[in-house]
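Take a look at the structure below.
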Amino acid sequence: MNCDFVLTICPFCGCGCNVYLQVLDGEIAGVIPCKTDEISEGRLCVKGRNAHRFIQHQDRLKTPLIKQNGQFRPASWQEALEAIGQKLTQIKRDFGPDAIAFISSAKCTNEENFALMKFARAVIGTNNIDHCARLCHASTMVGLMSAFGSGAMTNSTTEIEGADCIFVIGSNTSEQHPMVASRILKAKDNGAKLIVVDPRRIPLAHFADVYLQIEPGTDVCLLNGLMNIILAQGLVDEQFVSQRTEGFEDFKKKIEEYPPQRVQQVTGIPSEELERAARMYGEAERATIIYCMGVTQHTTGTDNVRSCANLALLTGNVGRESTGVNPLRGQNNVQGACDMGALPNVFPGYQAVDDPSMKAKFEKAWDTTLSSSPGLTLTEMFEAAYRGQIKALYIVGENPLLSEPNARHAQEALEKLDLLVVQDIFLSETAQLAHVVLPAASFAEKEGTFTATDRRVQRVRKAIDPLGDSKPDWAIISQLAQYIGGKGFDYASAEDIMEESATLTPIYSGISYQRLDSGEVLAWPCPTKGHPGTKFLHQETFTRGKGRLFAIDFREPAELPDEEFPLMLTTGRLMFHYHTGTMTRRIPSLESEVSTGFVELNPEDAQRFGVKPGERVTVKSRRGDIEIDVFITDRVAPGVVFIPFHFAECAANVLTSDELDPEAKIPELKVCAVNIQGKG
Ligand code: SF4
């Protein structure tokens with residue numbers, strides 16, 4: 001028997017744990033943790049331990065599919081690429097390049113995101129490219145970019161255990177980023193204080209020194225209230241504020257409008273608890289903020305992120321080890337997909353498409369003319385498709401039918417397209433609507449890199465050959481580009497793409513396969529071949545020069561409960577499943593842990609609505625309704641219900657609102673109004 005162990009990266013969350021895939025006679029047999037990996041330290045969470053189980057699943061797509069008379073039929077690559085190429089060329093000729101849009105994938109490698117981004121811009125001629133970061137951390141990019149000049153985690157995962165106060169807001173860390181949670185608990189063991197802010201009593205709340213169960217959507221008010229107390233109690237780092245920030249006077253005036261009594265009324269948090277939390281954070285020597293989608297997925301997402309940045313700036317907790325503002329990126333490579341320019345307004349490395357010098361640089365490199373008009377965001381693409389402005393949508397590795405808000409509206413938009421191409425490893429709900437489906441290779445069948453939530457770039461390595469006729473996404477895109485006459489896609493390997501990317505992306509310029517394969521840990525910015533990478537950002541100066549304090553007013557969520565829809569729905573994820581479940585729901589050991597969705601309802605509300613434990617109920621919003629089992633629990637406060645979004649049969653996003661944050665265009669997935677009806 002031939003046995004091999006291939007070191008690669010877990011395909012699930014952004015923690016980026018290293019794993020060994022065990023290969024027996026050419027088949028994946030298991031996952032083994034890597035003892036020398038400083039993130040996982042030789043442990044894996046339940047998803048990571050089972051990461052091998054979907055790879056060879058019988059449902060894997062193994063051949064291209066073309067839809068004919070409403071049914072898929074297998075097709076050759078030649079036939080499928082011809083069908084796509086001809087239709088894209090015709091749509092571009094008849095309606096212009098901006099009638100075509102691309103959704104890239106945070107599950108794919110950096111090289112694959114680079115290739116699709118280049119295909120959209122250099123071959124089709126549009127900046128209509130985006131990915132799921134629009135639904136999770138678009139507000140992080142806008143918010144942190146405007147405050148600090150960089151939209152990524154300021155510090156690294158390993159530093160968390162050195163903090164003496166950890167402020168976790170809107171992050172169910174133990175379920176979604178277990179290796180970050182383990183660092184938080186290590187810090188607690190070292191004597192750190194833990195503050196947890198979340199509308200749900202999440203597992204981490206049980207370890208908190210202060211747990212603040214806020215009303216969903218009141219984060220700005222809470223953060224302003226904490227800063228009001230910090231100002232009043234003289235806990236401001238005055239030297240840091242005067243030397244390294246700007247905007248203090250306007251900011252201070254605004255904060256004075258948020259005394260504890262007002263904040264208590266809005267957030268539901270007693271003023272004594274506010275004071276405890278403010279003192280704990282304000283007095284700490286090294287305080288770190290950790291947040292996730294509970295902060296970002298709001299119509300005020302950008303304001304929420306800027307408020308987190310304000311708190312860190314006010315107390316001088318940026319630019320030092322074990323401090324900072326640390327957004328946890330959900331999918332394995334959402335950071336990398338952003339870095340590689342799978343965004344409508346920037347080339348790789350956040351170089352603006354409307355900056356003439358950047359445009360000229362990429363035009364020269366790619367020997368073509370590029371558009372300087374920022375493209376549509378993912379959320380705008382669906383509206384444009386609904387209106388008939390977008391005629392073709394090319395989706396790689398995403399399942400927006402379950403992940404988009406107001407999902408039925410999203411489905412109607414997809415059904416209006418002249419061409420929908422889906423490139424994936426399984427026939428997802430979205431792929432079922434496609435005109436052409438292309439079979440992609442899984443993470444175990446290709447080379448490349450993923451960038452973890454803390455900016456570390458890591459090698460993905462091929463353990464087995466692609467199943468059936470499937471191919472790595474970068475190879476599919478390169479072939480299609482060449483088919484329709486695109487130049488510069490004659491890549492022989494993923495490494496070729498990384499080398500091209502490094503020449504054009506200053507923050508990645510020093511990163512190479514050779515360095516990564518020799519065991520170096522490289523977090524960007526890594527601008528030269530001799531640069532050691534950057535553990536934490538903004539040490540002496542912010543990327544934008546000075547840190548900017550923003551004066552921010554609290555705004556209510558776009559949709560609040562009323563007589564007809566008296567409950568507030570908040571959505572999220574579970575430990576055992578990943579995103580829309582395409583992979584984890586095909587893993588029996590995970591599916592048997594939680595095999596369908598449920599709605600969490602407080603006992604008081606259960607009584608009020610006459611609902612019994614385990615009863616099947618209808619949850620309804622202004623956009624649709626779903627049938628779902630009820631789980632009665634005081635994890636949620638009265639008036640609030642929670643539904644995980646992984647499950648197609650009771651899809652939470654049928655209910656959610658597609659109201660957007662005005663700057664980041666992220667939808668308000670965390671708050672909408674619903675009602676609930678039992679069967680009895
Ligand atoms: Fe994979 Fe994240 Fe679990 Fe690590 S913590 S094993 S990266 S899912």
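When the solvent-accessible surface of protein heavy atoms is calculated with a 1.4 angstrom probe, in what order do ASP94, ASP424, ASP209 fall, highest first? Please report the intermediate quantities before stating the final value.
Details: ASP94 80, ASP424 20, ASP209 45 Å².
Per-residue accessible area, sorted high to low, gives ASP94, ASP209, ASP424.
What do you get when you divide the Cα radius of gyration of the stretch 611-680 by 2.2 N^0.38 Å, with N the number of residues? Spell out each step's value before the answer.
On the way: Rg = 13.0 Å, N = 70, 2.2 N^0.38 = 11.1 Å.
Cα Rg divided by the expected 2.2 N^0.38 Å: 1.18.
Remind me, relative contact order of the stretch 324-386 in percent, using alpha carbon pairs under 8 angstrom and six or more residues apart? Present the calculation step by step, with values, prior to reporting the outcome.
On the way: 47 pairs, mean separation 14.4, N = 63.
Worked out over the stretch 324-386, it gives 23 percent.
Give the distance, in whole Å, between the Cα centre of the stretch 474-519 and the Cα centre of the stretch 397-459.
Each part's Cα centre sits 21 Å from the other's.
How far is helix 356-366 tilted, in degrees, relative to the longest principal axis of the Cα atoms in the chain, given as a value from 0 to 90 rounded to the nearest 10?
Helix 356-366 sits roughly 30 degrees off the main axis of the chain.
When the solvent-accessible surface of protein heavy atoms is calculated with a 1.4 angstrom probe, in what order do HIS206, HIS577 fall, highest first?
Details: HIS206 135, HIS577 0 Å².
The residues order as HIS206, HIS577, largest area first.
Over all directions, how big on average is the projection of the convex hull of the alpha-carbon atoms in the stretch 468-545, in square nanometres?
So the Cα hull casts an average projection of 7.6 nm².
Could you give the accessible area per residue of the stretch 345-398, probe 1.4 Å, as a whole number in Å²? Please report the intermediate quantities before stating the final value.
Details: 2180 Å² over 54 residues.
Accessible surface, normalised per residue, equals 40 Å².
If one takes the longest principal axis of the Cα atoms in the chain, at what angle in degrees, from 0 to 90 and to the nearest 10, does the Cα axis of helix 473-483 lie?
Helix 473-483 sits at roughly 50 degrees to that axis.
Which translational diffusion coefficient, to the nearest whole µm²/s, is obtained for the stretch 68-226 from the Stokes-Einstein equation, given a Kirkwood hydrodynamic radius over C-alpha pairs, 25 °C and 0.890 mPa s? Working shown, then result.
On the way: Rh = 19.9 Å.
In µm²/s, the coefficient rounds to 124.
Can you compute the label reach from GLU540? Point 7 Å from Cα along the Cβ direction, backbone N cut-off under 19 Å, restricted to the stretch 307-341.
Output list for this probe position: 318-321.
List, largest first, the extents of the alpha carbons of the chain along their principal axes, each in whole Å.
68, 67, 57
Given R₀ = 35 Å, what would the calculated FRET efficiency be for GLN479 paired with GLN389, taking r from the Cβ atoms and rounding to 0.05?
On the way: r = 28 Å, r/R0 = 0.81.
About 0.80, to the nearest 0.05.
Separation between the GLN90 and GLU412 pseudo-spin-labels, each 7 Å from Cα along Cα→Cβ, expressed in nm?
So the two model labels end up 2.7 nm from each other.
Points 7 angstrom from Cα along the Cβ direction at ARG262 and VAL46: gap in nanometres?
Going by the 7 Å Cα→Cβ label model, 4.4 nm.
To the nearest 10 degrees, how steeply does helix 494-504 sit against the main Cα axis of the chain, on a 0 to 90 scale?
Roughly 60 degrees, rounded to the nearest 10.
On a 1.4 Å probe surface of the protein chains, which of ASP490, ASP98, ASP562, ASP303 comes out largest in accessible area, and what is the full order?
Details: ASP490 115, ASP98 80, ASP562 60, ASP303 25 Å².
I get ASP490, ASP98, ASP562, ASP303, largest accessible area first.
Heads up, I need the accessible area for PHE347: 1.4 angstrom probe, whole protein in place, Å², nearest 10.
Accessible surface of PHE347 is approximately 0 Å².
At a 1.4 Å probe radius, carbon and sulfur cover how many percent of the accessible area of the stretch 578-680? Don't skip to the answer; put the middle values down first.
Numbers: 1860 of 3870 Å².
That fraction is 48 percent.
Compute the whole-percent fraction of alpha carbon pairs in the stretch 379-520 spaced more than 18 Å apart.
On the way: 6501 of 10011 pairs.
That tail contains 65 percent of the Cα-Cα pairs.
Over the Cα atoms of the stretch 1-146, each weighted equally, I'd like the Debye log10 I(q)/I(0) at q = 0.17, 0.19 Å⁻¹, rounded to two decimals.
Log-scaled intensity ratios, in q order: -1.15, -1.20.
For the stretch 561-662, what is the accessible area per residue in Å², given a 1.4 Å probe and the full set of protein chains?
Details: 3920 Å² over 102 residues.
That works out to 38 Å² per residue.
If you average 1/r across every pair of different Cα atoms in the stretch 192-322 and take the reciprocal, what Kirkwood value do you get, in Å?
Values: mean 1/r = 0.0673 Å⁻¹.
Kirkwood hydrodynamic radius for the stretch 192-322: 14.9 Å.
Return the distance in nm (one decimal) between the two label points of a simple spin-label model at LYS361 and SER595, each offset 7 Å from Cα along Cα→Cβ.
5.4
Among the lysines, select those whose C-alpha is under 30 Å from the C-alpha of LYS186, and discard any that sit fewer than 8 residues away in the same chain.
Leaving aside lysines fewer than 8 places away in the same chain, those within reach of LYS186 are LYS35, LYS47, LYS107, LYS535, LYS670.
The values are calculated or read from the model by the stated rules, or taken from the named source; none is laboratory data. Everything numeric in this text was worked out from a predicted model, so none of it was measured. All Cβ positions, even for glycine, are placed from backbone atoms using ideal geometry, and neighbour counts span all protein chains on display. These area figures cover heavy atoms from the full protein model, side chains too; ligands, DNA and RNA do not enter into them. Shrake-Rupley method; radii C 1.70, N 1.55, O 1.52, S 1.80 Å.
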